[in-house]
1. Got a number for carbon plus sulfur as a percent of the chain's accessible area, 1.4 Å probe?
2. Considering only protein heavy atoms, what per residue accessible area in square angstrom results for the chain with a 1.4 angstrom probe?
3. So which lysines pass the test for K56, namely a Cα distance under 28 Å, with those fewer than 8 places away in the same chain ruled out?
4. Report, to the nearest 10°, how far helix 3-72 tilts away from the longest principal axis of the Cα atoms in the chain, using its own Cα long axis and a range of 0 to 90°.
5. Order R3, R26 by their accessible area, 1.4 angstrom probe, all chains in place, largest first.
6. In terms of Cα to Cα distance under 23 Å, which lysines are near enough to K7, apart from those fewer than 8 places away along the same chain?
7. Suppose every Lys and Arg Cβ carries +1 and every Asp and Glu Cβ carries -1, with no other charges. What dipole size does the chain come out with about its Cα centre, to the nearest 20 debye?
8. Over all directions, the average projected area of the alpha-carbon convex hull for segment 1-70 comes to how many nm²?
Amino acid sequence: MPRQDEKYWSRRVKNNEAAKRSRDARRLKENQISVRAAFLERENAALRQEVADMRKELGRCRNIINKYESRHGDL
């Protein structure tokens, strides 16, 4: 095999290995991003529920205060 061919194939092998490392790293990063996105979506849903619950609670508290104030005057 001529020297030039050896050099070519040596470079091809190195490049193929580098390309595989790059693809694997990209795949890993994409997987990490999708896991993080799923976590954040769940956390967001839980926080939205918590806000809704607190708004409901606030409404109940306001009703209690309004009833009290209508009977006894402003606080």
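1. Working: 3950 of 7360 Å².
Within the chain, the accessible surface is 54 percent carbon and sulfur.
2. Working: 7360 Å² over 75 residues.
Averaged over the residues of the chain, the accessible area is 98 Å².
3. Those lysines meeting the cut-off are K67.
4. With rounding to tens, the tilt is 0 degrees.
5. Ranking R3, R26 by accessible area, largest first, yields R3, R26.
6. Those lysines meeting the cut-off are K20.
7. Numbers: 20 positive and 12 negative charges, 115 e Å.
The calculated dipole for the chain is roughly 560 debye.
8. On the way: hull surface 22.9 nm².
Over every viewing direction, the Cα hull of segment 1-70 projects on average to 5.7 nm².
The values are calculated or read from the model by the stated rules, or taken from the named source; none is laboratory data. In this text the structure is predicted, and so the values were computed from the model without any measurement. So basically every Cβ, Gly included, is an ideal-geometry build from the backbone, and we count neighbours across all protein chains shown. Heavy atoms of the whole protein, side chains included, go into the accessibility calculation; ligands, DNA and RNA do not. Shrake-Rupley method; radii C 1.70, N 1.55, O 1.52, S 1.80 Å.
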